[in-house]
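What follows is one structure encoded as structure tokens, with my remarks underneath.
The values are calculated or read from the model by the stated rules, or taken from the named source; none is laboratory data. Quick caveat, the model's predicted, so the values are computed rather than measured. Please note: Cβ atoms are built from the backbone with ideal geometry, for glycine as well, and neighbour counts cover all protein chains shown.
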Amino acid sequence: MHMKYLISFYSVLVGKAFAFTYTRSFFSAKTVFGLLEHYKNMRRRLPLMECGNHWGNHSGSSYRPFLATQGE
């Protein structure tokens, strides 16, 4: 199995953890934004496609994970 599939799968799990902690007030900001940074770092580890985007779900996806890194 290619590493890009494992990284993508893991980044989805981290993204879901971030979404869960973001909507719960009992998690500290350090925990929430630590998960966000970890998610962004995992997405950046994915290979680039010919169009310049990282491999994985992009504008055609209902999750649109690239929006988490907008402005960076």
Can you find, within the range 1-43, the residue that is surrounded by the fewest Cβ atoms within 10 Å (Cβ to Cβ) among those that are outside any helix (DSSP H, G or I) and small (Gly, Ala, Ser)? 25
For the list (1) modelled with pLDDT under 75; (2) in a loop (DSSP other than H, G, I, E, B); (3) surrounded by 14 or more Cβ atoms within 10 Å (Cβ to Cβ), I need the number of the one condition that residue 66 fails. (2)
Do we find that residue 46 is part of a loop (DSSP other than H, G, I, E, B), crowded, with 16+ Cβ neighbours inside 10 Å, of a type in the set (A, V, I, L, M, F, W, C) and modelled with pLDDT of 70 or more in this structure? yes
